[in-house]
Every structure is written in C-alpha cells, then in structure tokens.
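Since every read-out is calculated from the coordinates, none of them should be taken as a lab result. Predicted model only: the values in this text are computed from it and were never measured. Please note: Cβ atoms are built from the backbone with ideal geometry, for glycine as well, and neighbour counts cover all protein chains shown.
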Amino acid sequence: MLDIKNIYKNFGDLQVLKGVSTHVDKGEVVVIIGVSGSGKSTLLRCMNLLEEPSFGEVWMEGKLMTPPDPYLHWDVIRSSKTYRRLVSEGLSDDEAIKKIKAEDLLKERHPKYEGPEYVSQMKKIYEENGIDINLGRQKMGMVFQSFNLFNNKTVKENITLAPIKIGKQRLKDAKKRGKPLDKTPDDIVNEANAKAMKLLERIGLQDKADVYPSTLSGGQRQRVAIIRALAMEPDVMLFDEPTSALDPEMVGEVLDLIRDLVKDGMTSVIVTHEMGFAKEVADRVIFMHDGVIAEEGTPDQVFNHPQNPRCREFLSKVLK
Amino acid sequence: MTFFTNIAKIMAKYWQTFLLQGIGYTLLLSVIAVAGGAFFGSLLALAKRSKLRILKALVNALVEVVRGTPVLLQLYIGVFVFPMLIPRLSSLPYIYSVSIVLVINSSAYVSEIIRSGIEAVDIGQMEAARSLGLTQRTAMLSIVLPQAVKNILPALGNEFITVVKETSLASTFFVGELMTAYLKVKGNTYLTMECLAIVGVLYFALTFILSKLLKAMERRMKARA
C-alpha cells in the first residue's frame, strides 16, 4: 500500500535519513522505534511529504508522490549522456550504473544536461505514475505530537473543514469535467457534520462540538486530532509520537483509541516511545539508528531476540 | 493668563485651519499611507514568501533601504524625483508626491508586520492542514491567515499611529496638514508657543483616540477567540 524506496533526507549538511526502504501492507501495523535523532519522525514525515525527501521515492497505492528518482530506474540512467559517455570510455553497463550511483553523477547538473531522452524518460515515469501530492495525502491521516488542532476553529469545524473543502472542490471538478456528481454543496456540509458528530460520539466528546480546542485537555485534543484525520477516511494512519506531549494520566485514553482503530484493521505507522504498546499492537517493528533501519521484524524478533547491538543497547535502556 | 487667552483668540480666528484643514489633511495622508501600505505591503509580504529568489532579494533590498533611511530624506527624493519620472505630477500639488512616498514607506513596514504575523503562527497549523490534503492556498486562507490577522491588526494599528505623527514631516512641503497649519498661523500671529501647544494637543488627541479604539478592537477580538 505504502512503498518507501531508498529515501535520503538532508537538512543542509546534516544527513538524517541515509537510504531507507520499506513498505506497509494493507491492514498492517508498523511501529517505528529508536533513540531521538535517529530519523524516525523524519521518516514518518517523509511518508506524506511534509518533509520532501532529498532522494528516493514514495509510492502510495501504486502512485508516485515524489518526483521520480533517476537512480531507481535503470532505463533512465541508461538514457543519460553521462552513462553513454562512461560506456564509450569502455565501462560495462553494470560498472557505469554503479559508478553513476556511487558518485552521484546525475544530480549535480541540471536535468537538461543529460539530454532530451533523459528528460523525456523522467517525464514519462511521472506522467504514468505520478499523483498530485494533495490527493495522496487525502489517503493518509497524520497525527502529530503537538496535536495541531486549528486554533481558530471549533472542535466540529476542525473535523469538518477538510471534508467540506475537498468535497466541494471535487464537486466543482466533476462539473468541469462534464460529469456532475449527484450531490449539492449542502449535502456535503450535512454529511460532514453528521460524520463529525458520529466520530465525536465515538470518543465521547459530542458535548464539546462547539467549543474551541484551547478549552480541551491534552488527551481530548489528541483524540479530536485523531478523529479529524479519520474524517477524511484515510487508507493509512501515520502517528508521530502521539502521546509524547501528554501528561501521564492522559496517555491511556489516547492509546486506547489507537488500539481500537488498529483492532478495526486500520493500516497504521506509529512512531512511539511506548514500548509496551508497541509490543502489543505491532505486526512489525522497525528500529531506526543513525538514519537507517538497523533492525526490522516481528515484535518477538525485535524485542526478545534483537540481532543489532545498537538495538539491544536501546532496548536494555528503555525496557528497564 | 495671556497664554490661554492667546490660544482662545487663535482658535477663534484660525479653527478652520487647524481643525478642518490641518486634522483633515493629516488624517487623509495617514489613511492613504496605511491603506496603500496595507495593500502594497501585503503584496510585498507575498513576494517575500515567493520561491523566486530574485523577487525576494529585490523586495528585501527595498524594505531595507526604506527602513534604513529617514522619511524626510525619502520625502525630498520623492518630491523632486517623481515629477521627473511622471511629468504629469509636476503640475500637481506636492501632496501627490508626498502621498506616494508615504505609501511606499508604509508598505515596507507593513510588509514586515504581515510577514512576522504569518511566521508567528505555529508551523504545525499549516502542516496539519496540508496533511489532510488541503492545498497550500486553502490552508493559508482558512487556517493560517485568520490566525495571523490577530497578530497583524494590533501592529498595524501602531503603524497607523506612527504614520499620523510622521505626516508632520510633510509640512516641509506645505501640504496643509497639522504641522503646516502651525507654520501658517505662527507666521501670521508670531505666537510660537501658543500655536505649538494647540498642535501638540491636537496630535495627542488624535493618537490617543486611535490607540483607545485599537485597544477596544483588540479586546473584542480576544473575546471572540
């Protein structure tokens, strides 16, 4: 469902991600653990392109969300002038590709330098697979450490804003394409409101629908943030340390809600420091260290029989 | 005692010069400067957030120059340079050139106010909106800007008060605002202190009322949030 291919992320000279590849299957729950600064949050933010990866590709349901990365497509490399030059200098196909990748020869110049064939190959990949970032993001719900509820909107407006705005936009687009939908803008507003109330009931906060987020407790805010993401009916939920900013007595209510979602089969990627929770809900655990995936496996494999010394060290510290 | 009787006499004879012409022109210039400043300042603020580096550099240069030189100097340049560039201006009163300079000056300050107002909104608000699949434009218009306005309006009010006082420099070109009224009446009556007192009280009254209005507005905005 979600495919991460060879992601690199640099912040200036700082390399935060150094080639991360993984995939998330439908219904799977992936938990990412690791020390602070290991790149786990950055990886999650790269998944829905809140951080643009420096290299690499993100695929959501078979659609490419990032620009194509030439190094992941041999046809593209072979169409470049640099490749042809290297081959004419006597390198084999394999050697030339390896050299280009190792020395990063395609990225230092403007794409036009590599010739029209290269440019058209890159364009072709994007035209065949590319998807508008916003469309991709609508299928991914994101929950932040600091909640990020919209301060200028009521709880209900927080939940309905995106469904209404995007629903109305779809209506307009459909009309423009000559295939009008069987709905009025009012229908969309009513549907969104009804759904918001249903979601609020689910978390027992229906009486808070018309208050502003500043009057809610941390736990309530985070639960509203979660259902705000759910209101877009995402195919995958991304949780970025959802309980790290909460007072201890509020962690439980948020974890309960996430546990609920996961039980209902929601595909999820969770970055967390709650090891007990990770063990319980994860189908797969990823241990990040220094910008790469250092260990990956079932909770039993990672927590009980870790192979990587860094992972062992980390677990011995946090599981005490 | 003669001081106050003099003031009374001056006001009896010249109240129109002070109250109608003086305050009128001062407010007119201030409103033009701030309204124009708000409009062009918003455009400059947009330009500053643009991805075009050249545009950004040009706007930054303009803002730095405007903020780094005295208004009086800008007024002199404006009054002598604009008529050269736009010949039609040379036949018009100085107040046109003066207004243009004040608008440019105020745009620079307002653009900074708007930029910092937008930047003061937590980045998480934009991220949350984008993560839901909203476009940059929608996120800006429905989430970030409404919150930024709360930061911007009070500062914009202060800018308005500053501009009211800065328009006094336009008296160098005798455009008719309060300070010009002072120069005129003083020239006729030779009563310097009395005229200064009148103009001082009027400026103070203007800015005091404005700042009270602003406070009330701020309180209402806070009450709604």
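Using 1/(1 + (r/R0)^6) with R0 = 22 angstrom and r between the beta carbons of B:Val149 and B:Leu213, what's the FRET efficiency to the nearest 0.05? Once the sixth-power term is evaluated, E becomes 0.85.
Stretched out straight at 0.36 nm per residue, the stretch from A:Lys18 to A:Thr184 would grow longer than its current Cα-Cα span by 55.0 nm.
Sorting A:Ser54, B:Ser50, B:Ser111 from the fewest to the most surrounding beta carbons within 10 angstrom yields B:Ser50, A:Ser54, B:Ser111. Distant-in-sequence amide contacts of A:Val29, defined by a placed amide H-H separation under 5 Å and a gap of 5 or more residues or a different chain, comprise A:Ser268, A:Asp283, A:Arg284.
Within a straight-line Cα-Cα reach of under 17 Å, A:Lys112 can be paired with the following lysines, leaving aside sequence neighbours fewer than 8 residues apart in one chain: A:Lys81, A:Lys123, A:Lys124. Share of Cα-Cα pairs in region B:2-224 beyond 23 Å, in percent? Taking all Cα-Cα pairs of region B:2-224, the fraction more than 23 Å apart is 57 percent. A Gaussian network model of chain B, with springs between Cα atoms under 10 Å, assigns the largest mean-square fluctuation among B:Leu58, B:Leu85, B:Leu178 to B:Leu85. When chain B is modelled as a GNM with alpha-carbon springs shorter than 10 Å, which of B:Gly200, B:Gly41, B:Gly187 fluctuates the most? For chain B, modelled as a Gaussian network with Cα springs under 10 Å, the answer is B:Gly187. Within the straight-line cut-off of under 22 Å between alpha carbons, the lysines reachable from A:Lys179 are A:Lys165, A:Lys168, sequence neighbours fewer than 8 places apart in one chain being disregarded. Checking every one of the trypsin sites (Lys or Arg not before Pro) in region A:167-253 against DSSP loop status and a limit of 15 other Cβ atoms within 10 Å picks out A:Arg177, A:Lys183. Legend: helices of chain B (whole DSSP H runs) are marked when their alpha-carbon atoms reach 30 angstrom or more along the helix axis and their mean Kyte-Doolittle hydropathy is at least 1.6; marked are B:23-48. Counting charges near B:Leu134 (Lys, Arg +1; Asp, Glu -1) among other residues having Cβ under 9 Å from its Cβ returns a value of +4. In a reduced charge model with +1 at each Lys and Arg Cβ and -1 at each Asp and Glu Cβ, region B:2-224 shows a dipole moment near 420 debye about its Cα centre. Taking a ≥ b ≥ c as the square roots of the eigenvalues of the Cα gyration tensor, the protein assembly as shown is classed as prolate, since a/c reaches at least 1.5 and a/b is larger than b/c.
Sites listed here are trypsin sites (Lys or Arg not before Pro) in region A:6-54 whose DSSP assignment is loop and whose Cβ has at most 15 other Cβ atoms within 10 Å: A:Lys26. Counting DSSP beta bridges in chain A, what percent are antiparallel, to the nearest 5? Taking every DSSP beta bridge within chain A, about 55 percent pair in antiparallel fashion.
When the Cα positions of B:Ala57, B:Ser171, B:Gly200 are compared along the charge dipole of region B:2-224, B:Ala57 comes out farthest toward the positive end, with charges on each C-beta of Lys, Arg, Asp and Glu. Within the same chain, lysines fewer than 8 places from A:Lys263 are excluded, and of the rest, those with a Cα less than 22 Å from its Cα are A:Lys26, A:Lys139, A:Lys195, A:Lys198, A:Lys279.
Considering only A:Asp182, A:Asp256, A:Asp132, the mean-square fluctuation computed in a Gaussian network model of chain A, springs between alpha carbons under 10 angstrom, is largest for A:Asp182. Using only the Cα atoms of chain A, build the gyration tensor, take square roots of its eigenvalues as a ≥ b ≥ c, and label the shape rounded, prolate or oblate: rounded if a/c is under 1.5, else prolate if a/b is larger than b/c, else oblate. Oblate shape, in that a/c is at least 1.5 and b/c is the bigger or equal ratio.
What you get for chain A, charging only the Cβ of Lys and Arg (+1) and of Asp and Glu (-1), is a dipole of about 880 debye around the Cα centre.
A simple spin-label model places the labels of B:Ala205 and B:Ile86 3.4 nm from each other, with each point 7 Å out along Cα-to-Cβ. Using Cβ point charges alone (K and R +1, D and E -1), the dipole size of the protein assembly as shown about the Cα centre works out to roughly 2200 debye. Calculate how many DSSP beta bridges within region A:180-301 are antiparallel, expressed in % of all such bridges and rounded to the nearest 5. About 50 percent, rounded to the nearest 5.
Based on DSSP H segments of at least four residues, each scored -39500 (n - 2.57), chain B has a per-residue ellipticity at 222 nm of -27000 deg cm²/dmol.
Projecting the Cα atoms of A:Met250, A:Leu230, A:Leu216 onto the charge dipole of region A:215-256, computed from C-beta unit charges around the Cα centre, puts A:Leu216 farthest toward the positive end.
Give a quick list of GluC sites (Glu not before Pro) in region A:57-100 that DSSP marks as loop, anything other than H, G, I, E or B, with at most 16 other Cβ atoms within 10 Å. Filter output for region A:57-100: A:Glu61, A:Glu89.
Find which of A:Ile4, B:Asn188, A:His289 sits farthest along the positive direction of the dipole of the protein assembly as shown, computed with +1 on the beta-carbon of Lys and Arg, -1 on that of Asp and Glu, about the Cα centre. The one lying farthest along the dipole's positive direction is B:Asn188.
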